[in-house]
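Chemist: Below is a structure I'd like to ask you about.
The values are calculated or read from the model by the stated rules, or taken from the named source; none is laboratory data. Quick caveat, the model's predicted, so the values are computed rather than measured. Here the Cβ is made from the backbone with ideal geometry for all residues, glycine too, and neighbour counts use every protein chain on show.
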Amino acid sequence: MPNDLAQEPTGDQLAQQLANDQNGLFDLPEGYVAPVPTVVPAGVTVFGITLSPKALAGVAAALLLLIGLIGVLATGGDDGASGTGDTPTASGAGQNGSAGASGAGATGAGASGAGASGAPTAAVAPGTGFDATISKGKVTVSGAVPDQATYEQVLMVAAGNFGAAGELVRELKVATGAAPVDVVNDPVLRLLADPVVQGASANGASITHATGDKVVALSGKVSSQQAKERLVGAAAGIAGGLEKVVDQLQVAEPKSTTTSPAKPSTSTKPGKKGATGATTPPTTEAPATVQENLDQLLAGKVVEFDTGSAALNPQWEATVNEVAQLLVGNTAKLQVAGHTDDVGDAAKNQALSEQRANTIRDALVARGVAADRLTTAGFGPTRPIADNATDEGRQRNRRIEFVVAAR
């Protein structure tokens, strides 16, 4: 049933009635003041979709969250001091394994960390290079290279050059500003490959190539004066002159021996059958021992050639015989190295040094030394052991060296 009881109108209803009372159709209480009506927006329509006030508040909160997330990504978050991106910055790191002073990328690391391949990273003064120290059969590669690819290539070549002759210690780092590296001609890598250096380091000498100072520093002890001269000459050739060699080598006291290397008889040649038809089988001696025996044999002797000639002077036949006699008694491998002074055309001197080395090799083979044990090298005037400004110095620089391979 309908409710006929009169109901008191609400304030909003009265306000509406007042707004519609153009002709005084309604009697309102004396002194009545109409309340302000409550207005609730119906919503906002976007692309045909009406969003309620509650939905609008949710959208606004989501936009604020998205803006905050974009800001975090733009500034690098917590991984780096100032940012992590695809390209390394001063203190952030990229995703390619390189890193800045303190930030780390997806695979990179900071100054005290390591990248994907373990290469420490840092920033260095422009032009900084890398160095090597060889001592007691161990090589330490330090300094800096400009990128990860060079880092891996340098260590690979260093390990290949030094190889079984020693242990490779990695203290190298990748750094912005480091000098580029010519892996084929780099003096540090050439130093590691040199048989003279390998042999000397295994026997007590220390060799350091300091790229910044452009010198090769020699220290420690060597077994003989010949060993010292060989190492000084090799260092001069690699550093670019005697003036770039810091020589602090000491020659050890000669070992007391009761026997001297046997000399060949006048009736037989080394390695050939004697009157009894028997030959002595070669022994496996340590390379250092063979080198010391050779140096002792050649103490005070120099195999010399006439000016401009590669023919063996008859007066040195006996010396070559003695060298052959010593070599056929063991299995060591040997490099025969030819050297000249700096008088005349450099290219002709280079060719002459190679020809002289070949002459000695052929003479040793003819005296019973297996050809596959011998290699030759010519260095022309590039490895002086004395000053070419004097006759005496030039005479000392015109020489043949016998270098026993350390491995």
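Chemist: From the list Leu352, Leu327, which one is closer than 18 Å to Pro195 by Cα, out of contact with any Pro (no Cβ under 7 Å at 6 or more places or on another chain) and among the aliphatic types (A, V, I, L, M)? Outline the logic, then answer.
Modeler: Numbers: Leu352 fails: closer than 18 Å to Pro195 by Cα.
That would be Leu327, the only listed residue that is closer than 18 Å to Pro195 by Cα, out of contact with any Pro (no Cβ under 7 Å at 6 or more places or on another chain) and among the aliphatic types (A, V, I, L, M).
Chemist: Run Leu189 past the list (1) under 30 Å from Gly300 (Cα atoms); (2) out of contact with any Ser or Thr (no Cβ under 8 Å at 6 or more places or on another chain); (3) crowded, with 22+ Cβ neighbours inside 10 Å and report the number of the one that doesn't hold.
Modeler: Result: Leu189 fails condition (1) only.
Chemist: Considering only residues that are modelled with pLDDT under 85 and crowded, with 16+ Cβ neighbours inside 10 Å, look in the range 124-137 and name the one that is nearest to Gly212 (Cα to Cα).
Modeler: Looking at residues that are modelled with pLDDT under 85 and crowded, with 16+ Cβ neighbours inside 10 Å, I get Val124.
Chemist: If you don't mind, there's one more thing I want to ask. Do we have any residue at all in the range 308-317 that's modelled with pLDDT of 95 or more and small (Gly, Ala, Ser)?
Modeler: no
Chemist: For residues that are under 22 Å from Ala377 (Cβ atoms) and part of a helix (DSSP H, G or I), tally how many sit in the range 295-321. Spell out how you get there, then give the answer.
Modeler: Within the range 295-321, the subset under 22 Å from Ala377 (Cβ atoms) is 295, 297-298, 301-313, 316, 319-320.
Now restrict to residues that are part of a helix (DSSP H, G or I): 295, 297, 316, 319-320.
Selection size over the range 295-321: 5.
Chemist: Could you check, for the range 339-353, whether at least one of its residues is assigned to a loop (DSSP other than H, G, I, E, B) and in contact with a strand residue (DSSP E or B) (Cβ under 8 Å, 6 or more places away or on another chain)? Even if it seems obvious, please write down each step before you answer.
Modeler: So in the range 339-353, the residues assigned to a loop (DSSP other than H, G, I, E, B) come out as 339-345.
Now narrow it down to the ones that are in contact with a strand residue (DSSP E or B) (Cβ under 8 Å, 6 or more places away or on another chain): 339.
Yes: one or more hits.
Chemist: Can you name the residue in the range 139-188 that is closer than 21 Å to Ala210 by Cβ and touching a residue at least 60 places away in the same chain (Cβ under 8 Å) and, of all such residues, is farthest from the chain's Cα centre (by Cα)?
Modeler: Val139
Chemist: Where the second residue is modelled with pLDDT under 90 and part of a helix (DSSP H, G or I) and the first is closer than 17 Å to Gly137 by Cβ and lies in the range 281-293, which pairs have Cβ atoms under 8 Å and are six or more apart or on separate chains?
Modeler: Pro287/Gly199; Pro287/Ala202; Ala288/Gly199; Ala288/Ala202; Gln291/Gly199
Chemist: Hey, another quick one. Any idea which residue in the range 209-268 is surrounded by the fewest Cβ atoms within 10 Å (Cβ to Cβ), counting only those that are at pLDDT below 75 and charged (D, E, K, R)?
Modeler: Ranking the qualifying residues of the range 209-268, first place goes to Lys255.
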